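Have a look at the structure below, then the notes.
We did not get these values from a lab; they are worked out from the coordinates using the rules stated. Just so it is clear, the structure is predicted and the values come from calculations on it, not from any experiment. In this analysis, Cβ positions are derived from the backbone assuming ideal geometry, glycine residues included, and neighbour counts consider all displayed protein chains.
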Amino acid sequence: MIAGDEEVGNNTTGISDEKVIPAKRRDIQGLRGIAIIYVLAFHLYPQRFPYGFLGVDIFFVISGYLMTMILLRKKTFTLIGLLTFYKKRVKRILPAYYSLLFLVLTFGYYLLTTKDYAIVQKDSIWAAGFLTNVHKYFQDLDYFAEISNYDFLLHTWSLAVEIQFYMIVPVLMLLLSIPFAGKILWSSFFAASLCYNIVAVGPLQFSSLPSRTWQFICGGAANILPIGN
């Protein structure tokens, strides 16, 4: 479950740029469609599509692109602009997300055993705080093994990572605005996150924000770099 935004564009100068809001871009919509197919195929037929989980990686890159684009607007990168940014994310994500949790708990109450429902209740508490990925770390659970165990809220880990990224992306944008050092700092965060992704194991490697930050930065860099590059 990945949140997105319909507004797409390309930045070629810097944080102070005023950006024109274009219509939806078919290339990004196409990438989203491919990512959805990958993820669905992986969950429905994990043996036939063992690399379908890469669809989530695509979503994270797209999200980095979109969030960077939104915050690069001159009128957005202010205190009021940031509050508006978060308000829009809340209105876009929370109603559908908490409706999903409500439905899982409601149907689970009637369809699951007492033991299984207790597990769903505990998982829903973590999911409600967008901390499913943190919960899996404390449980030391393998995502790929859990797919076959009917963990009804397992998929919420990706939205948890997304929301956690929303919390730090304004800081990343402020660092980018530092003359000369901004892009060096971004490159350093990218390298550190990628190295962490390579050396980490278990839930820390697959579903933690530090191991996924490099993918968001990839998307952000695609928006920041001039088209000619």
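Ordering 56-64, 95-103 by mean Cβ neighbour count within 10 Å, with the highest value first, yields 56-64, 95-103. Counting 0.36 nm for each residue step from SER188 to VAL201 and taking away their Cα separation leaves a gain of 2.5 nm.
Note: relative contact order over region 26-224, using C-alpha pairs below 8 Å and six or more positions apart, is 27 percent.
If the chain linking LEU175 and ARG25 were pulled fully straight, counting 0.36 nm for each residue of separation and taking away their Cα-Cα distance, it would gain 51.2 nm. A cut-off of 5 Å between modelled amide H atoms, ignoring neighbours fewer than 5 places along the same chain, links ALA200 with no other residue.
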